[in-house]
Amino acid sequence: MAPRRLLLVGEGNFSFAAALSETLDQNTRLTATCLQCPAELTRDPVARENLRYLRERGIDVRFGVDCTQLADVFELHDREFNQIYFNFPHCGRKAGVAKNRELLAKFFQSCADVLAEEGEVHVALCRGQGGTPADKPQREWHNSWQVVAMAALGGLILSDVYPFSCKAVPGYKCTGYRSQDKSFHVEGALNHVFTRSLPFEVSQPRIFRIKVGNQWFSFSEPEALVGKLNRGFLEAPSCHPIKTINEKLIAELGKAFPLKRLKCSFPLLPQEDASVLPFWNCDFLSAAFWISLHEDNSNSESLIGGTSQDVEDFLVSFSELSLPKNPGRDGKEEACEGTCGQAKVCLRPSLLVHVQDVIEVRDFLSGSLHILSGPVFQKCHILPFTMPAFHETLFILGFNQNLKDGCLQSLLDHLKGILDSLLTQTLLESSKLSSLVEFVLQSNGKDYMIRVKTHNFSPDCTEDLIIGSVTTSATSVIHKDQCFVFVSMNLDLLAMLVWCISDWRMLWTFDNRFLKNFVPGKIEPFKSHSLYPPCYVHDISFWIDEKKGFDELEFHTVARAVSQDTVISIQFLSRFQHRKTQQVSLCYRLTYQTCDKALTQQQVASMQSQFRKEIQQRLYVIPR
């Protein structure tokens, strides 16, 4: 077993190193460093005594070590530190926040060269310096050291923060800059723990190959959905919370109803059939992601823009591919511009499009709950609880029309009890209500929306959330004596509420630390591995052509694609009309923030620049 290695930088009188060395086991190696040369420390009796003690214990002590150039100090074979400590960094004298930010930025970038893959960087700062909400009181961002933003420059994220206590390290005596007699004020100080982030890379859309009948087709995933197709969260080997909550929901309903689970096909839809329910309407279609299929008889390895690693093959359930019609902006259908060997299809916007297929089979079991679960995809505005990709579960119940009221009420009562039970497991006793779920009757007098009172979960939730719907309007050509109820549930929103996950994007992270939060058989509040990520704000204004119109939904979709889902808010600021030319200009504010990766101001500036180019090309606007 390789020894655990600790590195201390910026030591003053080496009292922290001496105190820490007493707590180490035999499998831990400590290296303590300082910027000063030995001669500068000889005047301090405390430092002399600590250095003598460290040498007697065989601790590696180094002088003249610049913490911003650690790669120059340690050879390649001598790196890979499990923990790096920097207590109360400071440029000295009257250095302002800008100078100290620069010190932190260079330190974090240097740490990236010598930190182990799963290592930690510990930085202790005086009260308020960090600029995070953990500071009490919290300084204004521009007046703080912006420690999380500086760490992002080194590819690090804040994973923990807690009070720094000198008492926890007996014998430690905090000194001032370069061991000056005047020490730092450590009351209210915080220890910030940083870990490596997954690299923030420009993700290229993957290429998928699908087999329709005997013909292979290929398509590229939409830019706004990069990393969201074929994740397999609901598949057998998955331990993802979305699967967990779906299985719990199904198991509980199975205590009251016979179950029949149906297999969900790959989410590509060909041209709709005229008999499909009105669920498959222009509202759904206008928000659908349309993609082009291209005939492809090549091997996976030879596909343009793809390799065998980023090309995925699928067998599609439908046997013939017809050219569907693409809805225009006015809701009218336009013939797709198909060419030889090309077809246009869309990604499934809801499982409700499969309802008619389910209820029209001759062996449909009346009284049994038919269950369909799978991912769905919809263009949507960028809002905290709206998502372009999520997992839906659909419960379909058929029964004799004479039993309609009783069967519907029984289903609603059981569903309400199950949801209330799930949603209260992570709430404090003082926050629990008798009921969190209510069914809101719609204007047609027969359908319901499933609403959850969310103010008890998070201060960020200012409005109640709609997590599903109940529809009772379908009829069957084959089963004319039957009445049908369809319950659609957004599993992603439900999982967020059950585990108190504040950001839907976290459900899609590729960081393995996410799944480590979820213990089988237990539901506990989620703790993010990335705390207080910094926000970056950019405004954009542009001239529009009022004759062509401005598609705000597409504006949001382009922002989502270019930013790789790092834009968390788009706020309309103003509309301006030029007095002479009568041209109209719109102004929006974009807020960038990640939930699981390090994001720098430079990366955001690059994305904002690309966004300006993309909206000019796609939306026919002229950026100002």
Neighbours by Cβ (under 9 Å, 6+ apart or cross-chain): first from region 24-49, under 26 Å from ARG4 (Cα atoms) and without any contact (Cβ under 8 Å) to a residue 40 or more places away in the chain; second surrounded by 15 or more Cβ atoms within 10 Å (Cβ to Cβ) and among the hydroxyl-bearing types (Ser, Thr, Tyr): LEU30/SER21; ALA32/SER21; CYS34/SER179
Among the candidates ASP160, ASP135, residue that is surrounded by fewer than 18 Cβ atoms within 10 Å (Cβ to Cβ), assigned by the TED database to the domain that holds ALA19, within 29 Å of the chain's Cα centre (by Cα) and not aromatic (Phe, Trp, Tyr): ASP160
Test for HIS578: is it buried (at least 17 other Cβ atoms within 10 Å of the Cβ) and not small (Gly, Ala, Ser): no
Top-ranked residue in region 182-220 [being free of Cβ contacts under 8 Å to residues at least 40 places away in the same chain and among the charged types (D, E, K, R); ranked as nearest to PRO137 (Cα to Cα)]: LYS182
Residues (among the basic types (Lys, Arg) and either surrounded by 15 or more Cβ atoms within 10 Å (Cβ to Cβ) or under 24 Å from ILE467 (Cα atoms) (or both)) located in region 344-368: LYS344, ARG348
Single condition ARG196 does not satisfy, out of (1) open to solvent by less than 20 Å² (accessible area, probe 1.4 Å); (2) modelled with pLDDT of 95 or more: (1)
Complete set of residues in region 10-65 that are open to solvent by 30 Å² or more (accessible area, probe 1.4 Å), in a helix (DSSP H, G or I) and more than 24 Å from VAL186 (Cα to Cα): PRO38, ALA39, GLU40, ARG52, TYR53, ARG55, GLU56
Filter result for ALA71 (in contact (Cβ under 8 Å) with a residue 12 or more places away in the chain, within 19 Å of LEU103 (Cβ to Cβ) and either assigned to a helix (DSSP H, G or I) or open to solvent by 10 Å² or more (accessible area, probe 1.4 Å) (or both)): yes
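The values are calculated or read from the model by the stated rules, or taken from the named source; none is laboratory data. It should be emphasised that the depicted structure is a prediction, and the values quoted were computed from it without experimental measurement. Neighbour counts run over all protein chains shown; Cβ positions are idealised from the backbone, glycine included. Accessible surface is based on the protein model in full, side chains and every heavy atom, while ligands, DNA and RNA are left aside. Shrake-Rupley method; radii C 1.70, N 1.55, O 1.52, S 1.80 Å.
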